[in-house]
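Derivation of every value follows stated rules applied to the coordinates shown; laboratory data play no part. Just so we're clear, the structure is a prediction, and the values are computed from it rather than from any experiment. Counting neighbours? That spans all protein chains shown, and the Cβs are built from the backbone with ideal geometry, glycine included.
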């Protein structure tokens, strides 16, 4: 390669070009101390933002898992509690034996639905999920003529609920 100069043509070899453009001279610094500090600050801010986002996502995930666990425990209680199981069995057909169920067991059944209502009001479960899981029996209880009797009037229960 040749270069025009004021005195004439000067010949440049590829080796001259690599020495000129490939690396800085030995006494030139790549970055000043101020530049290094700025880069370290930017990297630190980026790492902090990523850590905060990851922490927030983990917090939301754990909160959701806690709600799911609580709801799962509630569903397990609904299925395994003997008093609730007996009442739900009688509610399926609106059995006259519902009149013979003790008021204590009926209160236990209604208190379970009060817990579900508290979860709904706290927005820990959605309306659709609560109705899907427990709404059938709540509706059957509401419409039952044997669940509500003289020894267990509907008006008293609705005051509590």
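What to note about this one:
- Computed as a quarter of the hull surface, the mean projected area of the alpha carbon convex hull for segment 74-142 stands at 4.4 nm².
- Label-to-label distance for residue 40 and residue 79 is 5.8 nm, based on points extended 7 Å past Cα in the beta-carbon direction.
- On the beta carbon distance between residue 95 and residue 155, with R0 = 22 Å, the FRET formula returns roughly 0.45.
- When only Cα pairs below 8 angstrom with a gap of at least 6 residues are kept, segment 53-161 shows a relative contact order of 30 percent.
- Site pair residue 72 and residue 56 shows an inter-label distance of 2.8 nm when each label is modelled 7 Å from Cα along Cα→Cβ.
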